[in-house]
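K.L.:
There's a structure below that I have some questions on.
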Amino acid sequence: MHIVIIGNGVAGIEAALAVRAKEPDWRITLISEESDHFFSRTALMWVVTGQLSHQCIEPHERDLYERLNLQRVRARAVGLDLEKQQVRLGSGEPVSYDRLLIACGSRPRPAPWKGSELDGIGSFVTLQDCEWLEREIHGGSSHPGGPPRADEHLAGSDASSPYWRRPSVRDARGGAPTCAAVIGGGLIGIEAVEVLAHAKVPVRFFIREDWFWPMALDERESRWIADRMSSHGVEMRLGEEVASFAGKDRVEKLVTGGGEEEDTDLVVVAIGVVPNTEWLAESGLELQERGGGIVVDEHLRTSDPNVFAAGDCAAVTWFDGSRRPEQLWYTARDQGRVAGRGLLGDSVAEYNRGHWYNSAKLMDIEYTTAGLVNMNVEGEKNFFHEERGKVRSTTRIVLSGDRVVGFNMLGRRWDHSVLIRFIEEQRSLDHVLTHLNEAAFDTEFVPPLVLPSRAGELAGPAFSLNAEPVRPPAA
Amino acid sequence: MDQQGQNGLLSTFREGWRARRLSAWLIAIVLTGFYLWLYFEDREWFPVALKQMDPFAASLGLENRWYLYGLLYCVAMTGGAVYYLRRHGNSRYNRIRIGVNLFVQIVLAFTLPFVMFIFANKDFYLSYLWPLKIDYLYPDTLAKFPVYVAIYSILASLVAMPILALRVGKRWYCSWVCGCGGLANTFGDPWRHLTSTSTRSWKLEKGTVHTVMVVAVVLTVLVAVDLFAGDSMPRYHSVVGELRSLYGLIVGSILAGVIGVGLYPLLGPRVWCRNFCPMAAMLGLIQKAGRFRIKVKPDMCISCGNCTTYCEMGIDVRSYAQTNQSFTRAACVGCGACAHVCPRGVLKLENHSETRKDKKRTALPILDA
């Protein structure tokens, strides 16, 4: 049995480990264009600052592949022949498989603006993007150097690949950037802003919406984060769009939606990611018409019974019945494990997303969310509490009828699994307020959050039970 | 002030003196040289012209060079504490812990012995316990002190030490009280990311640290036997005497000082604690049976590696976090760095009493009225 896995990311490696755990003798081949070693994509920002080295962000010791006898091919996959059960590589060479897992991830959504092809404009998604930013900001990797065999994949690839080496314009610019711009307010945008602010590069943060994360945060939460970013020296440009870029050989100007021309010598575009599936267009594998995600069933099996898909490239069914990719680290890991079971021939293992949760660190504000916190849902109420003592935090609990359906927590650490248990057990607000500290995950000696024990006792400006979430004033 | 969180981002690997580049090697040479000087100045073979540390201490009004060392130790720890708290002081756990470290060093490990010596012509370090300070359980040492000091030493080493370790983990000593740990967590903090996290280094550590522990215990027994039976066995007496000084030379001077601190900038600040300290080994075994653990929040780890990189004891914390396993490792000194640097708040140090809590939880009705 020969298992071929395209992608050496978290979904791919988890599937490989799951197969190897059960089948010590099967042949397993991992094809990756991006890197020799599995690394944590979510940790790239710390590599740019120098907080971590390239080796630090590799979750396994480097002998993993030899130890578990996982073969690696460092190449770009350019085509798939379902009849012959073959993957075609950039070099033209075919690789035959018995069962295939496609876990090739996402690529940055291309920038739609005029001038986006200029040098000095890039994204912050791939290992090569990370190396590019390291060169632009610092002139190169921190000790102890960059990833091994960094250019090994370039021979069978070209500039259309998200893993292509992007030229640095540091020399033409004469050093580190002095007027950078980050476009797009998602997590990757925030990371890019943090990295630039840390390197003391003046940075403008263009966010199309009038306030930060309007889908998830209400105006009070959003303003706190925006204020914190401003206090770290970031120029917040909320509600502003970009129209085009201009420059001779590299980006020199950015034109805003309002027609203003601004000096700009580095741009990070972070307007989302799309499934990296263009190479499958001719294969006959069923892809989503919009977006291009690979359509999979609950076993993560594609339209071909010998082919599975997992991670960012797979369009899975969500709890609300919709079908789209989930571009998250944890879900990619879970999907990899389920796909591994599928590769083993197990037709029982199913992927169930369960309740939504996520966490992040927005500059230095901790963020945990669980359940449904979408704004503007009819009939939902929000309990909101702002703490401004030794700890600054906000607690927002979303109610549908009498039942708690979601949590949005800033400034403190919470165990999302306990929050989700409250939701699953369909608890009332009174119950949740009384038991909320069971979910507390603050470090020792942090004074606990004190909440009114019953919602009926809410009083004063610190507490509010709003029929509608607070919206910002019209711009 | 924030009670928890990160002080923004760090540039660790871009700072040459912290990243094993030339400046780091120079610092290591200076530190190693200092310790060789300190420990061996009174040896016959030591160049006479360099025997300056004792005279210098005397010129400062200090009894001998060990008080000068104590003074430098306080200065290094204070400077290191400022460095550490500027980076990680936005955690209340860190602030309190480092504050206690400084208090113990300056009051219990410097001022008190200094005053004792003035009045009694001998000194006792309340913060050092057997088997780290192996002679504090040697009968002949105990006999030199007043009875209440001897009782303190015995009770602290054999009763308080294990009880506290069972309740809160070895951290109560290794990263709150101990001078070696205090120096590592302040002056040595800039190099904490250099501790090896490889499986090989873990295997080596288990071998060496438990060997030293066994040797320390056996030697203490031999010395005790010597007190009662040494007179009738002159040959035994002299062998034990030689073993005592050999242990002092190898473990006390070379492993704890010259290598333990001298190589901070190359191997990280816990080389001694991790690989050689008999006290850490003993506390670690007790910790495994006790309540202390690092709790892992399930399915939230992004495998970034901050915890593993900044673990000064070389524990691959990430390997537990990414597999949802709460854990207790014998080596863990409970400094709290992993929890502090985690960008997703996945880790939490705690002295758990899981069983009671679980009972309470299952007793709740599923739907409340």
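K.L.:
Starting from the Kirkwood radius over alpha-carbon pairs of chain B, derive D by Stokes-Einstein at 4 °C in a medium of 1.567 mPa s and give it in µm² s⁻¹.
P.N.:
D, rounded to a whole number, is 58 µm²/s.
K.L.:
With θ set to phi - 60° and the Karplus curve 6.51 cos²θ - 1.76 cosθ + 1.60, what are the ³J(HN,Hα) couplings of segment A:243-250 in order, to the nearest whole Hz, using x for Gly and Pro?
P.N.:
Going residue by residue, I get 9, 6, 10, 9, x, 7, 9, 9 Hz, with x marking Gly and Pro.
K.L.:
Per residue of A:436-447, what is the mean number of Cβ atoms on other protein chains within 10 angstrom of that residue's Cβ?
P.N.:
Other-chain Cβ atoms within 10 Å of each residue's Cβ, averaged: 6.
K.L.:
Same structure again: In 10 Å bins starting at 0, how do the alpha-carbon pair distances of segment A:399-454 split up by percent?
P.N.:
24, 57, 18, 1
K.L.:
Continuing with the same structure: What would the Debye formula give as log10 I(q)/I(0) at q = 0.19 Å⁻¹ for the alpha-carbon point model of segment B:1-110, no solvent?
P.N.:
-1.08
K.L.:
Which angle from 0 to 90°, rounded to the nearest 10, does the C-alpha axis of helix B:278-289 make with the longest principal axis of chain B?
P.N.:
For helix B:278-289, the angle is close to 30 degrees.
K.L.:
Over the alpha-carbon set of segment B:290-354, divide Rg by the Kirkwood Rh and report the Rg/Rh ratio to two decimals. Intermediate values should be presented prior to the final figure.
P.N.:
Values: Rg = 10.5 Å, Rh = 11.5 Å.
My calculation puts Rg/Rh at 0.91.
K.L.:
With chain B treated as a Gaussian network of Cα nodes joined by springs under 10 Å, which of B:Ser303, B:Ser201, B:Ser245 yields the largest mean-square fluctuation?
P.N.:
Of B:Ser303, B:Ser201, B:Ser245, the most mobile in the Gaussian network model is B:Ser245.
K.L.:
Pairs A:Lys361/B:Lys297; B:Lys133/B:Lys288; A:Lys114/A:Lys248: which are spaced more than 20 Å apart, C-alpha to C-alpha?
P.N.:
B:Lys133/B:Lys288
K.L.:
Now for a different question. Hey, what's the Cα Rg ratio for segment A:106-251 versus the globular rule of thumb, 2.2 N^0.38 Å?
P.N.:
Dividing the Cα Rg of segment A:106-251 by 2.2 N^0.38 Å gives 1.11.
K.L.:
While we're here: Order B:Arg270, A:Arg72 by their accessible area, 1.4 angstrom probe, all chains in place, largest first.
P.N.:
My answer, sorted largest first, is A:Arg72, B:Arg270.
K.L.:
Sequence-distant or interchain residues sharing an amide H contact under 5 Å with B:Leu129, placed H: which?
P.N.:
none
K.L.:
Mind giving me the nanometre distance, one decimal, between the label points for A:Asn306 and B:Val225, set 7 Å out from Cα along Cα→Cβ?
P.N.:
7.2 nm
K.L.:
Separate question: Could you derive backbone 3J(HN,Hα) for segment A:76-93 from the dihedral phi with the Karplus parameters 6.51, -1.76 and 1.60 (θ = phi - 60°), listing whole Hz in sequence and x where the residue is Gly or Pro?
P.N.:
Computed from phi, the couplings for segment A:76-93 are 8, 8, 10, x, 9, 10, 5, 5, 7, 6, 9, 9, 9, 8, x, 6, x, 6 Hz.
K.L.:
If R₀ is 41 angstrom, what is the calculated FRET efficiency for the pair A:Asp63 and B:Trp25, using the beta carbon separation as r and rounding to 0.05?
P.N.:
It comes to 0.90.
K.L.:
Mind checking the alpha-carbon convex hull of segment B:188-244 and giving the volume per residue in Å³?
P.N.:
For segment B:188-244, the hull spanned by Cα atoms encloses 101 Å³ per residue.
K.L.:
Counting other Cβ atoms within 10 Å of each Cβ, which GluC sites (Glu not before Pro) in segment A:1-110 have at most 13 and sit in a DSSP loop?
P.N.:
A:Glu83
K.L.:
When all protein chains stay in place, what accessible area (Å², nearest 10, 1.4 Å probe) is found for A:His355?
P.N.:
70 Å²
K.L.:
Segment A:1-89: Rg/Rh from Cα coordinates, Kirkwood Rh?
P.N.:
1.02
K.L.:
On a 1.4 Å probe surface of the protein chains, which of A:Trp26, A:Trp414 comes out largest in accessible area, and what is the full order?
P.N.:
Solvent-accessible surface, decreasing: A:Trp26, A:Trp414.
K.L.:
For chain A, taking Cα atoms only, what is the radius of gyration to one decimal and the Dmax to the nearest whole Å?
P.N.:
For chain A, the Cα-based Rg and Dmax read 23.6, 71 Å.
K.L.:
Put +1 on the Cβ of each Lys and Arg and -1 on the Cβ of each Asp and Glu in the protein assembly as shown; which of B:Gly89, B:His237, A:Leu287 then has its Cα farthest toward the positive end of the dipole?
P.N.:
In the protein assembly as shown, that residue is B:His237.
K.L.:
If I ignore ligands, DNA and RNA and count only protein heavy atoms, how much of A:Arg166 is accessible to a 1.4 Å probe, in Å² to the nearest 10?
P.N.:
Only protein atoms counted, so the area is about 60 Å².
K.L.:
Follow-up. Send over the Kirkwood Rh of segment A:135-192, from the inverse of the averaged 1/r over different Cα pairs, rounded to one decimal Å. Numbers along the way, then the final one.
P.N.:
On the way: mean 1/r = 0.0717 Å⁻¹.
Computed over segment A:135-192, the radius equals 13.9 Å.
K.L.:
Relative to the Cα centre, what is the charge dipole magnitude of the protein assembly as shown, using +1 at the beta carbon of each Lys and Arg, -1 at the beta carbon of each Asp and Glu, and rounding to the nearest 20 debye?
P.N.:
2480 debye
K.L.:
So, one more: Within 10 Å of each candidate Cβ there may be at most 14 other Cβ atoms; applying that plus a DSSP loop requirement, which GluC sites (Glu not before Pro) in segment A:374-438 survive?
P.N.:
Qualifying residues, ordered by number: A:Glu378.
K.L.:
Note the buried accessible area between A and B here, summed over both chains, with a 1.4 Å probe, in Å² to the nearest 100.
P.N.:
Numbers: alone 21440 and 18840 Å², together 35040 Å².
Looking at A and B, the buried total is near 5200 Å².
K.L.:
Can you tell me the FRET efficiency between B:Ser201 and A:Asp210 if r is taken as the Cβ-Cβ distance and R0 is 51 Å, rounded to the nearest 0.05? Let's see the in-between values first.
P.N.:
Numbers: r = 52 Å, r/R0 = 1.03.
Using R0 = 51 Å, I get an efficiency of 0.45.
K.L.:
Grab the DSSP H runs of chain B that are 4 residues or longer, score each as -39,500 (n - 2.57), total them, divide by all residues and round the 222 nm result to the nearest 500 deg cm²/dmol.
P.N.:
Rounded to the nearest 500, it is -15500 deg cm²/dmol.
K.L.:
Against the longest principal axis of chain B, how steep is helix B:65-88, in degrees 0 to 90 to the nearest 10, with axes from Cα atoms?
P.N.:
For B:65-88 against chain B, the angle is about 10 degrees.
K.L.:
Just counting partner chain Cβ atoms within 10 Å, what average do the residues of peptide A:37-48 show around their Cβ? Before the final figure, lay out each step's value.
P.N.:
Values: counts 0, 1, 3, 8, 3, 6, 7, 1, 3, 10, 3, 1.
Across the residues of A:37-48, the mean count of other-chain Cβ atoms within 10 Å is 4.
K.L.:
Each residue of segment A:303-308 in order: what ³J(HN,Hα) in whole Hz does its phi give by Karplus 6.51 cos²θ - 1.76 cosθ + 1.60, θ = phi - 60°, with x for Gly and Pro?
P.N.:
With coefficients 6.51, -1.76 and 1.60, one gets 5, 9, x, 9, 10, 10 Hz.
K.L.:
At 7 Å along the Cα-to-beta-carbon direction for both A:Asp171 and B:Ala120, put a label point, then send me their distance in nm to one decimal.
P.N.:
7.2 nm
K.L.:
Quote the accessible area belonging to A:Arg341 in square angstrom, nearest 10, computed with a 1.4 Å probe and with ligands, DNA and RNA left uncounted.
P.N.:
Estimated to the nearest 10 Å², A:Arg341 gives 110 Å².
K.L.:
Give the Kirkwood hydrodynamic radius (Å, one decimal) of segment B:99-209, defined as one over the mean of 1/r across all pairs of different Cα atoms. Before the final figure, lay out each step's value.
P.N.:
On the way: mean 1/r = 0.0633 Å⁻¹.
This gives a value of 15.8 Å.
K.L.:
Where the centroid of each part is defined by its Cα atoms, how far is segment B:271-291 from segment B:112-153 in Å?
P.N.:
That distance is 23 Å.
K.L.:
Can I ask one more? For segment A:211-331, go through all pairs of different Cα atoms, get the mean of 1/r, take its inverse, and jot down that Kirkwood value in Å.
P.N.:
Details: mean 1/r = 0.0555 Å⁻¹.
Evaluated on segment A:211-331, it is 18.0 Å.
K.L.:
Further question on the same structure: Between B:Arg95, B:Arg14, B:Arg86, which gets the highest mean-square fluctuation from a Gaussian network model of chain B, Cα cutoff 10 Å?
P.N.:
Taking springs between Cα atoms under 10 Å, the residue moving most is B:Arg14.
K.L.:
Set the Förster radius R0 to 22 Å, insert the Cβ-Cβ distance between B:Arg43 and B:Leu243 as r into 1/(1 + (r/R0)^6), and round the FRET efficiency to 0.05.
P.N.:
Once rounded, the FRET efficiency stands at 0.70.
K.L.:
Next up: Quick one, what does Rg over Rh come out to for the protein assembly as shown if you take C-alpha atoms and the Kirkwood Rh?
P.N.:
Value, to two decimals: 1.01.
K.L.:
Give me the 1.4 Å probe accessible area per residue for chain A, excluding ligands and nucleic acids, in Å².
P.N.:
40 Å²
K.L.:
State the extension gain, in nm to one decimal, for the chain segment bounded by A:Val450 and A:Asp297, taking 0.36 nm per residue of separation less the distance between their alpha-carbons.
P.N.:
50.6 nm
K.L.:
Right, something else. Suppose every K and R has +1 on its Cβ and every D and E has -1 on its Cβ; what is the size of the dipole of segment B:12-283 about the Cα centre, in Debye to the nearest 20? Don't skip to the answer; put the middle values down first.
P.N.:
On the way: 26 positive and 14 negative charges, 307 e Å.
That gives segment B:12-283 a dipole magnitude of about 1480 debye.
K.L.:
Here's another thing I want to ask about it. Under a 1.4 angstrom probe, counting protein chains only, how are A:His385, A:His60 ranked by accessible area, largest first?
P.N.:
Numbers: A:His385 10, A:His60 55 Å².
Output order, biggest surface exposure first: A:His60, A:His385.
K.L.:
Using a basic spin-label model with each label point 7 Å from the Cα along Cα→Cβ, how many nm lie between A:Asp119 and A:Trp164?
P.N.:
The answer from the label model is 1.4 nm.
K.L.:
Here is a further query. Helix B:199-229 against the longest principal axis of chain B: what's the angle in degrees, Cα atoms only, rounded to the nearest 10?
P.N.:
40 degrees
The values are calculated or read from the model by the stated rules, or taken from the named source; none is laboratory data. As the structure is a prediction and not an experimental result, all values here were calculated from the model. Ideal geometry is used to build each Cβ from the backbone, glycine not excepted, and the neighbour counts take in all protein chains shown. When the accessible area is computed, the model is the full protein with side chains, heavy atoms only, and any ligands, DNA or RNA have been set aside. Shrake-Rupley method; radii C 1.70, N 1.55, O 1.52, S 1.80 Å.
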